[in-house]
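Each remark here refers to the structure printed beneath this line.
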Amino acid sequence: MPSKPPGPGSAVTGNGPAVSRRGFDTLFEAVRTWGRWEPADRGAWNRVTADQVRRATAEVRSGVVVPLALPWNTRAGPDNHRPALHHMTDLGDVESPEPTAHKDFIAADYHGKGVSHLDALCHIAYRGQLYDGRTAADVVGTAGARFGAVSALGPLVTRGVLLDLPAVFGIRWPEPGQAVHAEDITAAERALGVTIGEGDAVLLRSGHVRRRTELGAWDPDTASAGFHVDAVPLLAERGIALLGGDGDNDVRPSPVEGVHSPVHALALAAMGVPLLDNLDLDALSAATGEAGRYEFLLLVAPLNRNRRVRRPLPGSGR
C-alpha cells in the first residue's frame, strides 16, 4: 500500500494479484458459515450479543456524534447514473384552516454509487444461492425477498473500528484501483492501536470522498480502491459482523476471473456479513484522529420495511 499508486487517468495496476475462478471457489468454501446461526437471515449480526452491546457502549468517551451517510445526491454524474429524487408535494398553499404545511417526497435507487446504503443478505447470490444455501430464484421475486431482507436484520449496536488508510500510510488517498490486502489491515491495526475482534464492524476509509471533492467525480465501477479477496480470510477469522467503506468495499477492477464483485460474494453469500457501501468517513477520520482512538460505538438502523416480531439479542436472557 505505501508504494506510489497510479495517478488520475493512469492504467490501473494495483488491483492484483489475479485470482482464478477455482481459487475463488476454494476461498468461498473456506469462509462459508452456512448453517451456523438461527435466524439465518440475520447472518453475522447474530454474533452481536447483549454482552457485546454493553462492551460497545463502554467505548463512548467524548459523546461526539458523527453521521456517516453521504448527502442526498440528486445530480447525475459518472458515479451517479440514477440520481436520487426530491421534490415538494406541498408548499403550504392547499391547507385550510391553519396551520399550513410543507411536505416533500424522496426516492432513490439505493444500489448505485451516489447513495450510502446497507446491503442485506438477499442482495447478492453466488452460483444462484444466497447466504445459507437458499436458492435465490425461490425466495426473491418482484414483491421483494422472503429471506435475507433488510427487515430481518433490525438495528445493530456494536463496536466500530476505522481502518483509516491515508492516516496509516501518510498519503492523501490510495488511487482508484488500489487493492487493500490482509497485510494492510494488520499494518493499520498496529499503527492505529486497534485490534479487530468478534462482532466488530470494520469501516475502511480510502479517502474516496476527499478525492472526489478535490479532483471531481469518476466512474467507480471502472476503478475504485477497496479490499482484495486475500483480505477476507483475516476478517472471517476475526469474526466481524459488518463491513463498510467509503467505496463499495470491492477493489475495482475485480482481480477474480469472471466475478465482478468478489468481496460482495464472500461477505454476503458466504459469511452472512452485511455491507455498508459509499459512506462518508472523512468526519469520522477527523474525530478519531483528534481523539487518538480508532474504535467507537456504532449504531446502524436499517429501514423497517416490514413489521416483525422483536427478537431478543442472543445472550440477553429475555
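The values are calculated or read from the model by the stated rules, or taken from the named source; none is laboratory data. Remember, it's a predicted structure, so these values are computed and weren't measured experimentally. Neighbour counts run over all protein chains shown; Cβ positions are idealised from the backbone, glycine included. Side chains are part of the model used for accessible areas, which takes the heavy atoms of the whole protein and leaves out ligands, DNA and RNA. Shrake-Rupley method; radii C 1.70, N 1.55, O 1.52, S 1.80 Å.
Observations
- Residues that are more than 17 Å from Leu276 (Cβ to Cβ), open to solvent by 40 Å² or more (accessible area, probe 1.4 Å) and under 20 Å from the mean Cα position of the chain (by Cα) within segment 125-161 comprise just one, Ala125.
- Cβ-Cβ distances below 7 Å connect the following pairs, each with a first residue in segment 56-77 that is over 13 Å from Ala287 (Cα atoms), a second residue that is aromatic (Phe, Trp, Tyr), and a separation of six or more residues or different chains: Glu59/Phe296.
- Of the residues making up segment 42-84, those that are within 19 Å of Arg293 (Cβ to Cβ) and hydroxyl-bearing (Ser, Thr, Tyr) are Thr57, Ser62.
- Boolean, Asp230 is in contact (Cβ under 8 Å) with a residue 12 or more places away in the chain, out of contact with any Asp or Glu (no Cβ under 8 Å at 6 or more places or on another chain) and open to solvent by 10 Å² or more (accessible area, probe 1.4 Å): yes
- Qualifying positions in segment 138-153 - within 17 Å of Pro302 (Cα to Cα) and not small (Gly, Ala, Ser): Arg146, Phe147, Val150, Leu153
- Test for Gly197: is it free of Cβ contacts under 8 Å to residues at least 60 places away in the same chain and either part of a loop (DSSP other than H, G, I, E, B) or more than 16 Å from the chain's Cα centre (by Cα) (or both): yes
- The C-beta contact set for segment 16-30 (first residue closer than 16 Å to Val251 by Cα, second residue among the charged types (D, E, K, R) and open to solvent by less than 80 Å² (accessible area, probe 1.4 Å), distance under 8 angstrom, 6+ apart or interchain) comprises Pro17/Asp230; Val19/Asp230.
- Residues of segment 276-303 that are more than 15 Å from the chain's Cα centre (by Cα), at pLDDT below 95 and surrounded by 17 or more Cβ atoms within 10 Å (Cβ to Cβ): none at all.
- Complete set of residues in segment 124-150 that are in contact with a strand residue (DSSP E or B) (Cβ under 7 Å, 6 or more places away or on another chain) and without any contact (Cβ under 8 Å) to a residue 24 or more places away in the chain: Gly128, Thr135, Ala136, Val139
- Check on Gly114, closer than 22 Å to Ser261 by Cα, among the small types (Gly, Ala, Ser) and open to solvent by less than 20 Å² (accessible area, probe 1.4 Å): yes
- Only one of Asp104, Asp90 that is open to solvent by 50 Å² or more (accessible area, probe 1.4 Å), without any contact (Cβ under 8 Å) to a residue 40 or more places away in the chain and not basic (Lys, Arg): Asp104
- Criterion: among the acidic types (Asp, Glu), open to solvent by 60 Å² or more (accessible area, probe 1.4 Å) and either at pLDDT 95 or above or over 22 Å from Gly43 (Cβ atoms) (or both) - qualifying residue of Glu189, Glu198, Glu175: Glu198
- Residue in segment 82-100 that is closer than 30 Å to Gln52 by Cβ and out of contact with any helix residue (DSSP H, G or I) (no Cβ under 8 Å at 6 or more places or on another chain) present: no
- Remark: Thr33 matches the filter, which requires a residue to be modelled with pLDDT of 95 or more, over 23 Å from Asp219 (Cβ atoms), polar (S, T, N, Q) and part of a loop (DSSP other than H, G, I, E, B).
Quick grid of which residues meet (1) at pLDDT below 95; (2) among the β-branched types (Val, Ile, Thr); (3) under 22 Å from Gly244 (Cα atoms):
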position: Arg61; (1), (2), (3): yes, no, no
position: Ala76; (1), (2), (3): yes, no, no
position: His87; (1), (2), (3): yes, no, no
position: Cys122; (1), (2), (3): no, no, yes
position: Ala125; (1), (2), (3): no, no, yes
position: Gly128; (1), (2), (3): no, no, no
position: Thr135; (1), (2), (3): no, yes, no
position: Ala145; (1), (2), (3): yes, no, no
position: Ala152; (1), (2), (3): yes, no, yes
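- All positions within segment 171-185 that are in contact with a Leu (Cβ under 7 Å, 6 or more places away or on another chain), under 17 Å from Ser254 (Cβ atoms) and not in a strand (DSSP E or B): Pro174
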